[in-house]
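For reference, the structure discussed in these notes is given below.
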Amino acid sequence: MTDWLTVTEGTAPLLVSIPHTGIDLAGIDNRLVSPWLGRRDCDWWIDQLYDFAADLGATVVHTSISRTVIDVNRDPSGASLYPGQTTTTLCPTETFDGDPLYLPGGEPMPAEISQRYQSYFAPYHEMLGYQATRLRGMHPKVVIYDCHSIRSVLPRLFYGTLPVFNLGTNDGQTADPALQELVVQVMAKTGDSYVINGRFKGGWITRYFGNPQGGFHALQMELANRGYMHEPEGKGEPDNWPVPYDAAFAAPMAAKLKKILETAITWAQS
């Protein structure tokens, strides 16, 4: 554990990854157009939304480093996870909306990107790997659940309004179809909109750690912000974004997510 990487160890066959709620800019603030812009694409309040996970016995791994510094859910080689579609890179230089993140001349060069990889990306993945292996030694199956959220409308990344629940298993490659179907059943009963392997099929964490033949079953859950917060229209401005966390408003979504995680644990223990 470090000042930016926190781990809560459990014994249930569930590893929860929280890679994008960090707002620590690691000292690059003065090179950015603004610190606020550097934090705008954070997966706001996801760590609070899933604060019940440890009580279920899950192991939770969480980084406080902003995705603007380095995105631990991107292919470290730089290859796009969604060829032909707009996406951000390992060390993004623009926001989801295409706004420049850095002042002219402030963008990270290859040597700095490598340093950020060694300082933040590699330790995060090493911890996920260690915890997954630890749990696999206790259970024949382990579910790796990667938590995300994003604005409901982002024309540069996808058309129209995103469903509330977006489950990704890289087209069924990262998890047993039986587990996927059980989660789909839970989503269907919520009454909220949902999709499986739509615009978000799972990022690097899901694709790298998902190995059903080896007993590792990885799911990515991308939530539309409106499902758990008072999401404003548009891309958000400093005076209205982020919206403060409202636990009462988020409670129905937390209950639905708890059912999903409980279902995953029960399946893994079966």
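The values are calculated or read from the model by the stated rules, or taken from the named source; none is laboratory data. The structure displayed is predicted, hence computed values, not measured ones. We place every Cβ from the backbone using ideal geometry, glycine too, and count neighbours over all the protein chains shown. Areas reflect the complete protein model, heavy atoms only, side chains present, ligands, DNA and RNA absent. Shrake-Rupley method; radii C 1.70, N 1.55, O 1.52, S 1.80 Å.
Taking the stretch 207-236 as the search range and keeping residues that are closer than 17 Å to P155 by Cα and assigned to a loop (DSSP other than H, G, I, E, B), which one is most open to solvent (accessible area, probe 1.4 Å)?
Pass one, the stretch 207-236, residues closer than 17 Å to P155 by Cα: 222-226, 231-236.
Still in the running and assigned to a loop (DSSP other than H, G, I, E, B): 231-236.
Numbers: E231: 47, P232: 31, E233: 177, G234: 56, K235: 76, G236: 3 Å².
If we take residues in the stretch 207-236 being closer than 17 Å to P155 by Cα and assigned to a loop (DSSP other than H, G, I, E, B), then E233 is most open to solvent (accessible area, probe 1.4 Å).
Within the group D43, D55, D99, which residue is open to solvent by 20 Å² or more (accessible area, probe 1.4 Å) and touching a residue at least 40 places away in the same chain (Cβ under 8 Å)? Talk me through it step by step, then tell me what you get.
Numbers: D43 fails: open to solvent by 20 Å² or more (accessible area, probe 1.4 Å); D55 fails: touching a residue at least 40 places away in the same chain (Cβ under 8 Å).
After ruling out the rest, the residue left standing is D99.
In the stretch 81-96, what residues are open to solvent by less than 30 Å² (accessible area, probe 1.4 Å), of a type in the set (S, T, Y) and within 22 Å of A26 (Cα to Cα)? Steps first, answer last, please.
If we filter the stretch 81-96 for residues that are open to solvent by less than 30 Å² (accessible area, probe 1.4 Å), which is where we start, we get 81-82, 88, 90-92, 95-96.
Restricting the remaining residues to those that are of a type in the set (S, T, Y) gives 82, 88, 95.
Passing the criteria: T88, T95.
Is there a residue in the stretch 71-80 that is open to solvent by less than 10 Å² (accessible area, probe 1.4 Å), under 22 Å from R151 (Cβ atoms) and among the small types (G, A, S)? Give the steps one after another, and end with the answer.
Narrowing the stretch 71-80 to residues open to solvent by less than 10 Å² (accessible area, probe 1.4 Å): 71-73.
Imposing the further condition that a residue be under 22 Å from R151 (Cβ atoms) reduces the set to 71-73.
So of that shortlist, the ones also among the small types (G, A, S) come out as none.
No - not one qualifying residue is present in the stretch 71-80.
Among (1) assigned to a strand (DSSP E or B); (2) in contact (Cβ under 8 Å) with a residue 40 or more places away in the chain, where does V195 come up short?
(2)
Is the stretch 111-130 home to any residue that is over 22 Å from G84 (Cβ atoms), of a type in the set (S, T, Y) and part of a strand (DSSP E or B)? Let's see the steps before the verdict.
Within the stretch 111-130, the subset over 22 Å from G84 (Cβ atoms) is 111-130.
Add one more test, that the residue is of a type in the set (S, T, Y), and what stays is 114, 117, 119-120, 124, 130.
Checking which are part of a strand (DSSP E or B) leaves us with none.
Looking for residues that are over 22 Å from G84 (Cβ atoms), of a type in the set (S, T, Y) and part of a strand (DSSP E or B), one finds none in the stretch 111-130, hence no.
Looking for something farther than 24 Å from V7 by Cα, polar (S, T, N, Q) and free of Cβ contacts under 8 Å to residues at least 60 places away in the same chain - is there at least one such residue anywhere in the stretch 130-149?
Scanning the stretch 130-149, I find no residue that is farther than 24 Å from V7 by Cα, polar (S, T, N, Q) and free of Cβ contacts under 8 Å to residues at least 60 places away in the same chain, so the answer is no.
Please count how many residues of the stretch 195-206 are crowded, with 19+ Cβ neighbours inside 10 Å and either among the aliphatic types (A, V, I, L, M) or within 21 Å of K258 (Cβ to Cβ) (or both).
Taking the stretch 195-206 and keeping what is crowded, with 19+ Cβ neighbours inside 10 Å, we get 200-206.
From the residues that got through so far, the ones that are either among the aliphatic types (A, V, I, L, M) or within 21 Å of K258 (Cβ to Cβ) (or both) too are 205-206.
Number satisfying all stated conditions: 2.
In the stretch 240-262, which residues are more than 27 Å from Q180 (Cα to Cα) and either open to solvent by 70 Å² or more (accessible area, probe 1.4 Å) or part of a helix (DSSP H, G or I) (or both)? Outline the logic, then answer.
Residues of the stretch 240-262 more than 27 Å from Q180 (Cα to Cα): 240-249.
Residues satisfying the conditions are P244, A247, A248, F249.
Taking L162 as the residue in question, decide whether it is over 19 Å from I260 (Cα atoms), buried (at least 19 other Cβ atoms within 10 Å of the Cβ) and modelled with pLDDT under 95. Steps first, please.
On the way: over 19 Å from I260 (Cα atoms): yes; buried (at least 19 other Cβ atoms within 10 Å of the Cβ): yes; modelled with pLDDT under 95: no.
Criteria not met by L162.
Anything in the stretch 182-193 that is more than 12 Å from L219 (Cβ to Cβ) and surrounded by fewer than 18 Cβ atoms within 10 Å (Cβ to Cβ)? List them, or say none.
Hits for the stretch 182-193 are Q185, A188, K189, G191, D192, S193.
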